[in-house]
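Beneath this line is the structure, given in structure tokens, with notes to follow.
The values are calculated or read from the model by the stated rules, or taken from the named source; none is laboratory data. Note that the structure is predicted; figures quoted are calculated from it, not measured. Neighbour counts run over all protein chains shown; Cβ positions are idealised from the backbone, glycine included. For accessibility, only protein heavy atoms count, side chains too; no ligands or nucleic acids. Shrake-Rupley method; radii C 1.70, N 1.55, O 1.52, S 1.80 Å.
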Amino acid sequence: MRAKALAVAVVPVVLGCLPAGTVAAHAATATYYVSPTGSDSNSGLSPSQAWKTIAKVNGSTFPQGSTVSFQGGQTFTGCLVLDSANVPSSAASTPFRVNSYGTGQATVSSDCSGDYSAAVTADNVSGFQLTGLKLVNGSTTAAGVLLENQNGTSATQGLTVSNSDISGFATPAGSSSSFGGEIMILGYAVNGHSGPLDDVQIRDNQLHGASVTSPDGPGIYGWGSGENITHVTVEGNTVYNLGMGAKDVGAGITGDGWDGAVIQHNVIHDVGANVTSCGGASGIETYTSNNVTVRYNEVYNVQPSPAFTAGCDWDGIDLDGGTTNSVVEYNYTHHNAGSGLLAYTSTVDSKVWGPNTYRYNISENDDWAKAQGGLMDVVPSAPKNALSIYGNTFFTNVAQSTKSTASACFNFGYSAGTWGSGSLIADNICHLADRDQYGHPGQFSYNPYGQTGMTLSHNLYYAASSPTWRWGGTTYSTFAAWQAAGLETGPVWGDPLLTSPGSGGTCAWTPSSGTGPQPCPPAYTLKSGSPAAGSGVAVSGSGGVDYYQDAIPGTPNIGADAG
């Protein structure tokens, strides 16, 4: 594994150019219609006077607050470019809208190519809203939607992509750039200008490839300059079939350079099928970002396909290098080739990772390929700022029959070190029913370098046989030995009596509903008589509710079913 290299090569050119010809100027805010049966000599101001082509839209000048509406159920060939040339005045308070009219979604089939091409570009257009369209790659176009600011010094504000179906976009073959994917959000524009973006909302979209091994890049790829992409909401999206390239380091949802973001109620699955290197892929990943909340997501099948050959990562959710003041909570990760949860604790450009928190998440049968070595990984080094891991339920019964060791519950680092002050690992369930080629389960904690400084408290451990904890140069092979070592306060041993461990499966829920995946999976609620019940320790600032959104009592249960 290595720190993510989310760089986009920069070219000193403007992405799109308006076609030659007379630019039509319109005096008042209006809706302009586009239909295959229209004519570019029409006024565009009614369905009966519709324009015909995307080229006509690109070559026209629109007043602030205008709408461009394509006929539903029809296909339009071209690449739409909206910027300060054809939308010279824009504001978040008076949105510029692109949508469909009539019945169904209109389809934009891109015909542009090149390393930085996009089916739809909105460049320095505040209030831009793309809603209810289908975008497909009809050429070798790199991106579905590109949001950027190539010349503004103040933030372009109020950008929304919603209720759209975007598919087929990836970094062009042979390109040295990492630019490409369904939606690109750039605070470092393709002309090299660090134009900030503010209030970006990506909601209720279908972002996908045609099959598991499609070369499609990230579903959402945000890349800032510093942290100049602010107030981002990624919500209600279904992101899937993003096979990516062999050396891709992106994710289904990638937030780089974001300050103040919520990533919630998304489903991400079947990501990274073609990756054979380390550093990618992940389901959800942040990098050099601050104040990000990742919650209520389901992430599964982040994995190579059809089989594991080489590489690592394939994590469910990753707070990667330089991520600060962020929380991962109420997520369900399962059947990922790498860890369900990853804390990649590297410092990036003097941006020290943490403090960050992982709480009330459920992990089922993650790290099936042992691509990371643990269900929860903290690597490559001891976090310099506080890391809190509490109230999570980790379960695996994967048979890793070709591996000399099975996946650990917690896997720590590649070196010695002291965790940041205030670090905590508490109230987690580690139920290991996995097996290596010798029939042994994984280790509850794998800390061979003897990292120190974290408080261990009231975690519940269970394996049918051969329990082990590796701490520094010592392996503890019984719970009594672990207790006697005095490394943890109030540890608990015993079958947690989960309702149906290993049967969580895939949840049936609708991300755009704004709820879920709760109450799925019910498999990880506690049965009556569980030793986890009422055996936890109170954690200050815990958020108030557990995975199932039940209130957390003064003395919580151990695990995600804390209430």
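For Asp123, indicate whether it is open to solvent by 40 Å² or more (accessible area, probe 1.4 Å), over 23 Å from the mean Cα position of the chain (by Cα) and not aliphatic (A, V, I, L, M).
Details: open to solvent by 40 Å² or more (accessible area, probe 1.4 Å): no; over 23 Å from the mean Cα position of the chain (by Cα): yes; not aliphatic (A, V, I, L, M): yes.
So Asp123 does not fit the description; no.
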The listed residue being touching a residue at least 24 places away in the same chain (Cβ under 8 Å), surrounded by 24 or more Cβ atoms within 10 Å (Cβ to Cβ) and either charged (D, E, K, R) or more than 25 Å from Gly322 (Cβ to Cβ) (or both), out of Ile185, Ile202, Ile166, Ile220 = Ile166
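Each row is one residue, and each column tells you yes or no for (1) over 14 Å from Gln443 (Cα atoms); (2) touching a strand residue (DSSP E or B) at 6+ places or on another chain (Cβ under 7 Å); (3) of a type outside the set (Ser, Thr, Tyr); (4) at pLDDT 95 or above.
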| position | (1), (2), (3), (4) |
| --- | --- |
| Ala386 | yes, no, yes, yes |
| Asn392 | yes, yes, yes, yes |
| Thr396 | no, yes, no, yes |
| Cys409 | no, yes, yes, yes |
Quickly run through segment 529-555 and pick out the residues that are open to solvent by less than 60 Å² (accessible area, probe 1.4 Å), under 21 Å from Ser500 (Cα atoms), in contact (Cβ under 8 Å) with a residue 40 or more places away in the chain and out of contact with any His (no Cβ under 8 Å at 6 or more places or on another chain).
-> Pro531, Ala532, Asp546, Tyr547
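Kindly provide the set of residues from segment 350-367 that are open to solvent by 20 Å² or more (accessible area, probe 1.4 Å) and touching a strand residue (DSSP E or B) at 6+ places or on another chain (Cβ under 8 Å), ordered by number. Explain how you work it out, then say what you get.
Going residue by residue through segment 350-367, those that are open to solvent by 20 Å² or more (accessible area, probe 1.4 Å) are 350-352, 355, 357, 359.
Residues satisfying the conditions are Lys351, Val352, Pro355, Thr357, Arg359.
From the list Thr153, Thr171, Thr233, which residue is open to solvent by 10 Å² or more (accessible area, probe 1.4 Å), farther than 21 Å from Asp115 by Cβ and touching a residue at least 40 places away in the same chain (Cβ under 8 Å)? Can you show your working first?
Values: Thr171 fails: farther than 21 Å from Asp115 by Cβ; Thr233 fails: touching a residue at least 40 places away in the same chain (Cβ under 8 Å).
Thr153 is the lone residue from the list that is open to solvent by 10 Å² or more (accessible area, probe 1.4 Å), farther than 21 Å from Asp115 by Cβ and touching a residue at least 40 places away in the same chain (Cβ under 8 Å).
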Does segment 404-425 contain at least one residue that is outside any loop (DSSP other than H, G, I, E, B), in contact (Cβ under 8 Å) with a residue 60 or more places away in the chain and surrounded by fewer than 24 Cβ atoms within 10 Å (Cβ to Cβ)?
-> yes
Within segment 314-329, residues under 25 Å from Thr506 (Cα atoms) and open to solvent by 10 Å² or more (accessible area, probe 1.4 Å) come out as Val327, Glu329
Which residue out of Leu487, Leu460, Leu526, Leu456 is farther than 29 Å from Val239 by Cβ, open to solvent by 40 Å² or more (accessible area, probe 1.4 Å) and either of a type outside the set (D, E, K, R) or touching a helix residue (DSSP H, G or I) at 6+ places or on another chain (Cβ under 9 Å) (or both)?
-> Leu487
When you go through (1) open to solvent by less than 20 Å² (accessible area, probe 1.4 Å); (2) within 18 Å of Arg203 (Cβ to Cβ); (3) of a type outside the set (Asp, Glu); (4) in contact with a Pro (Cβ under 7 Å, 6 or more places away or on another chain) one by one for Val161, which number turns out not to apply?
-> (4)
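Quick grid of which residues meet (1) of a type in the set (S, T, N, Q); (2) part of a strand (DSSP E or B); (3) farther than 29 Å from Asp436 by Cα:
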{"position": "Gly260", "(1), (2), (3)": "no, yes, yes"}
{"position": "Thr276", "(1), (2), (3)": "yes, no, no"}
{"position": "Gly279", "(1), (2), (3)": "no, no, no"}
{"position": "Ser305", "(1), (2), (3)": "yes, no, no"}
{"position": "Asp318", "(1), (2), (3)": "no, yes, no"}
Residues of segment 389-403 being in contact with a Lys or Arg (Cβ under 8 Å, 6 or more places away or on another chain) and open to solvent by less than 20 Å² (accessible area, probe 1.4 Å), which ones?
-> Ile389, Tyr390, Gly391, Asn392, Gln400
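Among the β-branched types (Val, Ile, Thr) and in contact with a Gly (Cβ under 9 Å, 6 or more places away or on another chain): does that describe Thr510? Break it down stepwise before answering.
Values: among the β-branched types (Val, Ile, Thr): yes; in contact with a Gly (Cβ under 9 Å, 6 or more places away or on another chain): yes.
Spelling it out, Thr510 is indeed among the β-branched types (Val, Ile, Thr) and in contact with a Gly (Cβ under 9 Å, 6 or more places away or on another chain).
Hand me the list of strands (runs of 3 or more DSSP E) wholly inside segment 119-193 holding 2 or more residues that are of a type outside the set (A, V, I, L, M).
Working: elements: 128-131, 133-136, 141-148, 156-162, 165-167, 181-186.
Output list reads 128-131, 141-148, 156-162, 165-167, 181-186.
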Consider Ala92 against the criteria (1) open to solvent by less than 30 Å² (accessible area, probe 1.4 Å); (2) hydrophobic (A, V, I, L, M, F, W, C); (3) out of contact with any Pro (no Cβ under 8 Å at 6 or more places or on another chain); (4) under 25 Å from Thr233 (Cα atoms): it satisfies all of them except one. Which criterion is unmet?
-> (1)
Return yes or no: is Ala251 buried (at least 24 other Cβ atoms within 10 Å of the Cβ) and either touching a residue at least 60 places away in the same chain (Cβ under 8 Å) or of a type in the set (D, E, K, R) (or both)?
-> yes
Has segment 430-449 got any residue that is more than 24 Å from Ala369 (Cα to Cα), open to solvent by less than 30 Å² (accessible area, probe 1.4 Å) and either in contact with a Ser or Thr (Cβ under 7 Å, 6 or more places away or on another chain) or at pLDDT 95 or above (or both)?
-> no
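Only one residue in Gly260, Gly279, Gly243 is of a type outside the set (Ser, Thr, Tyr), over 22 Å from Gly340 (Cβ atoms) and more than 13 Å from the chain's Cα centre (by Cα). Which one? Spell out how you get there, then give the answer.
Working: Gly279 fails: over 22 Å from Gly340 (Cβ atoms); Gly243 fails: over 22 Å from Gly340 (Cβ atoms).
Sole residue among the options that is of a type outside the set (Ser, Thr, Tyr), over 22 Å from Gly340 (Cβ atoms) and more than 13 Å from the chain's Cα centre (by Cα): Gly260.
Is there a residue in segment 44-53 that is among the aliphatic types (A, V, I, L, M) and at pLDDT 95 or above?
Narrowing segment 44-53 to residues among the aliphatic types (A, V, I, L, M): 45, 50.
If we keep only those that are at pLDDT 95 or above too, we end up with 45, 50.
Yes - at least one qualifying residue is present in segment 44-53.
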Please work out which one of (1) more than 18 Å from the chain's Cα centre (by Cα); (2) within 16 Å of Gly243 (Cβ to Cβ); (3) not hydroxyl-bearing (Ser, Thr, Tyr) is the condition Glu148 fails and give its number.
-> (2)
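Scanning segment 384-402 for residues that are closer than 20 Å to Gly543 by Cβ and not in a strand (DSSP E or B), which turns out nearest to the chain's Cα centre (by Cα)? Spell out the reasoning first.
Going residue by residue through segment 384-402, those that are closer than 20 Å to Gly543 by Cβ are 385-394.
Retained after the next criterion (residues that are not in a strand (DSSP E or B)): 385-386, 391-392.
Numbers: Asn385: 23, Ala386: 22, Gly391: 22, Asn392: 19 Å.
By that ranking, first place goes to Asn392.
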In segment 447-480, residues that are under 25 Å from Ala562 (Cβ atoms), assigned to a strand (DSSP E or B) and of a type in the set (Phe, Trp, Tyr) total 3
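What do you reckon, is Thr347 open to solvent by 10 Å² or more (accessible area, probe 1.4 Å), modelled with pLDDT of 95 or more and closer than 22 Å to His265 by Cα? Lay out the reasoning, then the answer.
Values: open to solvent by 10 Å² or more (accessible area, probe 1.4 Å): yes; modelled with pLDDT of 95 or more: yes; closer than 22 Å to His265 by Cα: no.
Here the answer is no, as Thr347 does not meet what is asked.
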